[in-house]
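The structure appears below as structure tokens.
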Amino acid sequence: MNRIAAVLAFALIFAAQSASAQTLKTVKDRGILNCGANGTLAGFGLPDAQGKWTGLDVDFCRAVAAAIFNDADKVKFAPLSAKDRFTALQSGEVDLLARNTTWTSSRDTSLGLNFAGVDYYDGQGFMVRKALKVNSALELNGASVCVQQGTTTELNLTDFFRSHNMAVKTVTFATANEAVKAYDAGRCDAYTTDASGLYAERLRLANSNDHIVLPEIISKEPLGPAVRHGDDQWFDIVKWVFFAMINAEELNITSKNIDEMVKSTNPEIKRFVGTEGNYGEQLGLTKDWAVRIIKLVGNYGEVFDRNVGAGSPLKIERGLNKLWNKGVIQYAPPIR
Ligand SMILES: N[C@@H](CCC(=O)N[C@@H](CS)C(=O)NCC(=O)O)C(=O)O
């Protein structure tokens with residue numbers, strides 16, 4: 001009996017593993033990538049009135065579709081709340097989660113996620129009304145703070161006040177929309193979220209000039225796309241799509257010059273564009289997988305600039321997100 005049970009258990013585990021190791025095939029058979037995104041955050045994930053999605057995370061999903069289908073539009077976006085995003089990925093409702101999500105140890109382990117990299121190094125900040133006459137988060141003792149549930153933001157807020165022996169009244173909301181509205185209506189002294197979110201939400205306030213962002217950054221928020229545990233090939237694909245975008249910026253390969261770059265004799269560029277080696281095939285894709293990404297979506301710098309940087313309404317500095325060869329953090333392993 002025990003032997004039969006053991007064999008059955010083994011068969012079940014094997015079946016589950018081979019079923020979960022099918023994401024690329026499932027996506028190809030379906031003909032579309034299901035991507036979990038933020039549906040309300042300018043710069044990261046937001047559909048317009050015509051249903052056209054834009055954002056840094058949105059462009060990442062489009063880059064994965066470009067690499068697989070040679071068509072960046074083969075993506076169906078599922079708008080996910082902070083609370084529901086992990087279940088959507090775990091249950092298979094989406095193939096990929098790209099929703100300003102912080103990489104933390106418990107999400108990486110007990111929630112069963114694999115983070116493909118950090119596409120935006122962020123940190124948590126505070127916004128207050130200028131009329132409050134506060135210049136530092138350390139002056140917020142006793143303040144009421146509007147915050148969103150199901151986020152690292154909520155946890156960091158408590159830690160920050162506790163570690164500085166300050167009292168806080170947290171007022172929590174299920175969505176950023178509600179939290180920002182409540183702050184704007186004067187229900188809280190401060191609003192807290194990732195600094196990138198503060199730039200985005202500020203644009204929605206009735207009088208954005210009446211508010212200031214305080215200088216303190218109270219946490220590390222490495223944001224990145226994630227997949228489910230259990231499918232290494234899919235994890236590799238999503239990781240290398242991101243690395244290709246970073247490497248392209250480093251090699252000065254852009255959506256504008258990619259057709260010229262395909263003819264390059266530089267060995268590093270040849271490996272990138274697939275005129276040397278079979279790096280695309282090793283991923284389960286085609287030789288020109290990286291060319292497709294850059295041609296149809298762009299390199300990391302182009303994507304950053306148009307969604308959150310100088311070319312966007314948010315105008316966020318590259319800051320920590322500049323490349324390593326400019327002395328900062330963004331760095332990708334080589335294609336070889
Ligand atoms: N990076 C943090 C926070 C992510 C988060 O959900 N931030 C809020 C505030 S910027 C948000 O995106 N809300 C959008 C919404 O609820 O529509 C995390 O992963 O927990």
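The values are calculated or read from the model by the stated rules, or taken from the named source; none is laboratory data. Quick caveat: nothing in here was measured; it's all calculated off a predicted structure. FYI the Cβ positions are ideal-geometry reconstructions off the backbone, even for glycines, and counts take in every protein chain you see.
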Consider only pairs whose beta carbons are under 7 Å apart and that are at least six residues apart or on different chains; among these, list those whose first residue lies in region 314-329 and is under 27 Å from Glu201 (Cα atoms) and surrounded by 14 or more Cβ atoms within 10 Å (Cβ to Cβ) and whose second residue is at pLDDT 95 or above and of a type in the set (Gly, Ala, Ser). Leu314/Ala42; Leu314/Gly43; Ile316/Ser196; Ile316/Gly309; Arg318/Gly309
For region 201-211, state whether one or more residues are at pLDDT below 95 and crowded, with 17+ Cβ neighbours inside 10 Å. yes
When you check Ala143 against the structure, is it of a type in the set (A, V, I, L, M) and buried (at least 22 other Cβ atoms within 10 Å of the Cβ), yes or no? no
If Gly280 satisfies every condition in (1) surrounded by fewer than 16 Cβ atoms within 10 Å (Cβ to Cβ); (2) free of Cβ contacts under 8 Å to residues at least 24 places away in the same chain; (3) closer than 20 Å to Leu33 by Cβ; (4) not hydrophobic (A, V, I, L, M, F, W, C) but one, which is the exception? (1)
Applying the selection to region 119-136, what residues are over 21 Å from Cys188 (Cβ atoms) and either surrounded by 21 or more Cβ atoms within 10 Å (Cβ to Cβ) or at pLDDT below 95 (or both)? Asp119, Tyr120, Asp122
Select from region 97-110 the residues that are more than 10 Å from the chain's Cα centre (by Cα) and away from the ligand (no atom under 11 Å from the Cβ) and list them in ascending order. Ser105, Ser106, Asp108, Thr109, Ser110
Taking Asp57 and the conditions (1) assigned to a helix (DSSP H, G or I); (2) more than 12 Å from the ligand (Cβ to nearest atom); (3) under 17 Å from the mean Cα position of the chain (by Cα), which numbered condition does it fall short on, given that it satisfies the others? (2)
Those helices (runs of 4 or more DSSP H) lying entirely in region 254-336 with at least 1 residues more than 25 Å from the chain's Cα centre (by Cα): 258-261, 267-273, 279-282
Pairs please, first residue from region 50-61 and closer than 14 Å to Arg306 by Cβ, second anywhere and buried (at least 21 other Cβ atoms within 10 Å of the Cβ) and of a type in the set (Val, Ile, Thr), Cβ atoms under 7 Å, 6+ apart in sequence or on different chains. Leu56/Val303; Leu56/Val308; Asp59/Val297; Asp59/Val303
